Every structure is written in C-alpha cells, then in structure tokens.
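As structure tokens, the structure follows; a few thoughts come after it.
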Amino acid sequence: NQKITTHQFENRDIIAYAEEGNDAVVQVFFVRNGKLIGREHFYLTTVPGDTGKDIITSFIKQYYIGTPFIPHELLVQEEVEEPELLSRLLSRNQNYTVKIVNPKKGSKEKLVELAAKNARNLLEQNKEKYRREQRKTVGAVHEIEELIEIEGIHRMESFDISNTNGYESVASMIVYEDGKPKRNNYRKFKIKTVKGPDDYASMEEVLTRRFTHESKGEFDSFSRFPDLILMDGGRGQVNIALKVL
C-alpha cells in the first residue's frame, strides 16, 4: 500500500526476488514519470546452484527482450552477468540506452528492498497455498497408494455409465494426474453396441474402446495407460475390467 513518488520524472523498473528451495518469485515495480503505476510478480522454478545473479539475469533476458517498451533504467537486487553486453542488447539502438543498476544506498536501494520484501511475502503466501494443494492432491494419491498397497500412481481414470430411462446410454471417462484433474483428457462415449440398460455390457464396450484405441500422439488422451482404474459399481464391474485388460 506504500506510494512511491520522486521529484525526478524518470521511468524505471525495480526488479527483486525471493527464493526458497527450487521456488522463486520475481517482483517488478513499474515507475513512470516518477510514480509507481503498477507491479507484477512471476513465479519461477530454479535449479540447484542458481544464484541471485542467475535468477535476475535470466528473468531480464526472458521478460524484456521482445517487449515493446523498456525504461531507461532497471534497478536490480543483484549484479547481472555481463551487464554491459545485456545493456547493449536491451538498448536496441544508439539513441536509446538502458542502464542496469544495482544500487547500494539511498532511495533507489530502498525501492529495491521494498520489491524484495514484496517478493518474500508472495513466496510465503504461495508456499502455504502450495502446501494445501499438495495435501489435497498428491497427499490424497499417497493415501490411496497406502490403502490398496501399490506405489507410483501417476494417472488415474474413472469410468461411469449413465442412461435416460434405460435408453441413450453414455459413459464418461474422468482423468486425474498426480491428484489433479486433467480436463483436456476427459472423454464421453456414446454406447454403440448395447441396447437397453446393461451396465456390464456397456462398461465392457467402453473399456475395450478405450484400451484398444490407437493413440494419435503424446497429446492424445489415450496415449498413456492409467496406473489405476476406478469405476462406479461393484465386483461385477471390476470383473469386466479384468476381462477387458
């Protein structure tokens, strides 16, 4: 909620980061005509050995190259790699210079510190959100693994048969990967060979079509077999699945 103003009418971006483990957040403040007009943050995944210099340098290369407007000054939390070369790359022509500055004191340093504090707050908030998500997704999969005593469940597919007054039978296939819905892999099947309300025969048709379908590539919803199949019903439906497999 802090308002940043300056008596100088300059344009600059302030870039800072926070990291923990393989997670990082980069915070960017946009100052135009001496006033803070907005901010944006970006979540990154780092690799072991990445330094603050690596994070800031990589971010600048990815974010600014190709953007329509780059301010004359970038205030950064860490020195970047090959600052003169990167500055020339961002400047684009002789009439427009982009300076990359790592301030050590004064108001500019305070701006960078504020951006770094924001990045740290965002990382902490995201970490708690990520933990809750993990408990609901991967944690739930681990519970299933313990209950049925198997390991390495990545993909789950669930099947159910539905009909309207015994006619127009359809089946649905719902897909989860690592405990999260993979909605672009969901499929609906119109039952073709079964007349009337015969759940067993309908399930046999659907599973046969699913597991004999020729994959059209890695992005096809049938390109990978599931580690676990779930279905609505009882032992009869399970026996049908075993027969098909």
Residues in the range 25-43: is at least one on the phi < 0 side of the Ramachandran plot and at pLDDT below 85? no
From the list Ser58, Ser91, Ser87, pick out the single residue that is without any contact (Cβ under 8 Å) to a residue 40 or more places away in the chain, open to solvent by less than 70 Å² (accessible area, probe 1.4 Å) and in contact with a Lys or Arg (Cβ under 7 Å, 6 or more places away or on another chain). Ser87
Among the residues of the range 234-244, are any surrounded by 11 or more Cβ atoms within 10 Å (Cβ to Cβ), at pLDDT below 95 and in a loop (DSSP other than H, G, I, E, B)? no
Sole residue being farther than 19 Å from Leu44 by Cα, acidic (Asp, Glu) and open to solvent by less than 90 Å² (accessible area, probe 1.4 Å), chosen from Glu157, Glu149: Glu157
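Tell me the residue from Ala119, Ala201 that is in contact with a helix residue (DSSP H, G or I) (Cβ under 9 Å, 6 or more places away or on another chain) and surrounded by 13 or more Cβ atoms within 10 Å (Cβ to Cβ), please.
Result: Ala201 is the single residue among Ala119, Ala201 that is in contact with a helix residue (DSSP H, G or I) (Cβ under 9 Å, 6 or more places away or on another chain) and surrounded by 13 or more Cβ atoms within 10 Å (Cβ to Cβ).
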Can we say Tyr63 is assigned to a strand (DSSP E or B) and either of a type in the set (Phe, Trp, Tyr) or modelled with pLDDT of 85 or more (or both)? no
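The values are calculated or read from the model by the stated rules, or taken from the named source; none is laboratory data. This one's a predicted model, so the numbers in the text were calculated from it and none came from an experiment. Ideal geometry is used to build each Cβ from the backbone, glycine not excepted, and the neighbour counts take in all protein chains shown. Ligands, DNA and RNA are stripped out before the accessible areas are found, and what is left, the full protein with its side chains, is counted by its heavy atoms. Shrake-Rupley method; radii C 1.70, N 1.55, O 1.52, S 1.80 Å.
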